[in-house]
Each structure stands twice: as structure tokens, then as C-alpha cells.
Amino acid sequence: DTEVTQTPKHLVMGMTNKKSLKCEQHMGHRAMYWYKQKAKKPPELMFVYSYEKLSINESVPSRFSPECPNSSLLNLHLHALQPEDSALYLCASSRPGLALETQYFGPGTRLLVL
Amino acid sequence: AQSVTQPDIHITVSEGASLELRCNYSYGATPYLFWYVQSPGQGLQLLLKYFSGDTLVQGIKGFEAEFKRSQSSFNLRKPSVHWSDAAEYFCAVGANNAGNMLTFGGGTRLMVKP
């Protein structure tokens, strides 16, 4: 099973709302990632978790708060977002440690902030 | 720091014609190179990757890529394109000095004419 699942598929939220994105994998991967992808652009790395600990934060605003409650789950908590945060949010997972390890991507959550 | 350039933003080919998508990278050591494909509204799927050994790499869906160190290139090829190949293609480089981080090129959108 090489599947990464993400929920919800679509999300519309106001700037004062609090919502969460969820990502799950059962491949035994101990590295998990959040990417943000704007239309017609490549994915941009936001966060990396390795062995359930935050290892990379690419200077992401604090209105995005990641959480890795266990080795299979990754959440992204959203609060007080701006319209420019509207994008496709992709989760990925891989075996940790080496750059040659393949990252497996989920289908993404398409977020619209009004 | 590593970087990736995909010189062609859009490419249109006729169904059944051959395809070559260009990718140039910048990295001081031997890179780990990946090609991903993204269908509209979907996540990224790995087509193939190179990290050592034979410089001609075979992937899924009939794609192959050739690593040329002298030209800092990792071009993706397919001998006969199918209409279902229409998608966005991303070349990416990973480097051990950057942990699990992938650096993506800007992407090439492939359109297939009937």
C-alpha cells in the first residue's frame, strides 16, 4: 500500500475560522511533509516531521500550526488565514534520513479562504 | 544550494509522437533526481528517480530519463505519447545536505493533440 490520504478534499473557510487538515499513511514512513502549491506553480515545502518531531519549518507564518500526533498521522491546523493562503495543500511521506528516498504524495486539500 | 530549471513552461505534442521534457539542475555533488507527474487537481506521482548506477533510468507509464553529468541534465523521454499523458511534469532534486528536502523545478505543462 503506497497510499497517502488527505481529508477533506475541499475546504472553504472565512478569515476568522479555525479548521484542520488531516493526512494519514500506513506505509511505516517516519518522515512526513506539508507542501503548499499555488496554481501553475511547483509545490513549496512548509514543514517536515521526522520521527514525529518537527525538523524543518520553512519560515511559515504562525497561522499555520502543524502537529504529528503519531507516526501515521499529520495535521495542519489553520487559524486566521488570509485570502492569499488559498492553495492546494499536499501531504507527503517517506522513509526518513536520506535524500534518495521517494516521497509519496496525497491528492491534496484544496483550500479557499474568503 | 541546489536548484532545478525546466526551460519549457508548455509543450504540445501530437498523440503518438515522441516527447522530451528538459530538466537542468545545479548541485555540487551527485544529485538525487526525480520526475513527478501531476494530473489536474491531483497529488504528485513519481515517474522515476536516479541516484546512482546506470544513467538511463526506466520509469512507469513507458517513461525514461537520462542523467548527463556533463550537461547537468536529467531529461524525461517517452517514445509515443498517449492522450492520458497530458499533465504537469515536475523535475526535482534532493540533496543529502538538505535532509529530506526536495527542490522542484517550475514544471512543464504537457498538452496532447489528437
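Miscellaneous remarks
Conditions (1) within 25 Å of B:THR5 (Cβ to Cβ); (2) in contact (Cβ under 8 Å) with a residue 24 or more places away in the chain; (3) among the basic types (Lys, Arg), marked per residue:
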residue	(1), (2), (3)
A:HIS29	no, yes, no
A:MET32	no, yes, no
A:LYS40	yes, no, yes
A:VAL48	yes, no, no
A:SER72	no, yes, no
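- So A:THR16, is it loosely packed, with under 13 Cβ neighbours inside 10 Å, of a type in the set (Val, Ile, Thr) and either part of a loop (DSSP other than H, G, I, E, B) or more than 12 Å from the chain's Cα centre (by Cα) (or both): yes
- Test: residue in the stretch B:90-107 that is more than 12 Å from every other protein chain (Cβ to nearest Cβ) and crowded, with 16+ Cβ neighbours inside 10 Å: no
- Some residue of the stretch B:61-76 being under 21 Å from A:VAL4 (Cα atoms), within 15 Å of the chain's Cα centre (by Cα) and within 12 Å of chain A (Cβ to nearest Cβ): no
- Subset tally (residues that are within 13 Å of A:VAL12 (Cα to Cα) and within 12 Å of chain B (Cβ to nearest Cβ)) for the stretch A:90-114: 2
- Test result for B:LEU44, surrounded by 12 or more Cβ atoms within 10 Å (Cβ to Cβ), among the hydrophobic types (A, V, I, L, M, F, W, C) and touching a residue at least 40 places away in the same chain (Cβ under 8 Å): yes
- Residue count, the stretch B:1-18 (criterion: part of a loop (DSSP other than H, G, I, E, B) and at pLDDT 95 or above): 8
- Residue within the stretch A:73-81 that is over 16 Å from A:LEU11 (Cβ atoms) and surrounded by fewer than 21 Cβ atoms within 10 Å (Cβ to Cβ) present: yes
- Strands (runs of 3 or more DSSP E) completely within the stretch B:19-83 that count 2 or more residues being at pLDDT 95 or above and among the basic types (Lys, Arg): B:73-78
Conditions tested, residue by residue: (1) assigned to a loop (DSSP other than H, G, I, E, B); (2) touching a strand residue (DSSP E or B) at 6+ places or on another chain (Cβ under 6 Å); (3) buried (at least 17 other Cβ atoms within 10 Å of the Cβ).
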| site | (1), (2), (3) |
| --- | --- |
| A:ALA39 | yes, no, no |
| A:PHE47 | no, yes, yes |
| A:LEU54 | no, no, no |
| A:SER59 | yes, no, no |
| A:SER62 | yes, no, no |
| A:PRO66 | no, yes, yes |
| A:PRO69 | no, no, no |
| A:TYR89 | no, yes, yes |
| A:SER93 | no, yes, yes |
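- Taking the stretch B:47-60 as the range and being surrounded by 12 or more Cβ atoms within 10 Å (Cβ to Cβ) and either in contact with a Cys (Cβ under 6 Å, 6 or more places away or on another chain) or within 12 Å of chain A (Cβ to nearest Cβ) (or both) as the test, the residues that pass are B:LEU47, B:LEU48, B:LYS49, B:TYR50, B:PHE51, B:GLY59.
The values are calculated or read from the model by the stated rules, or taken from the named source; none is laboratory data. Predicted, not measured: the structure shown is a model, and the values here were computed from it. No Cβ is skipped: glycine too gets one built from the backbone with ideal geometry, and neighbour counts run over all protein chains shown.
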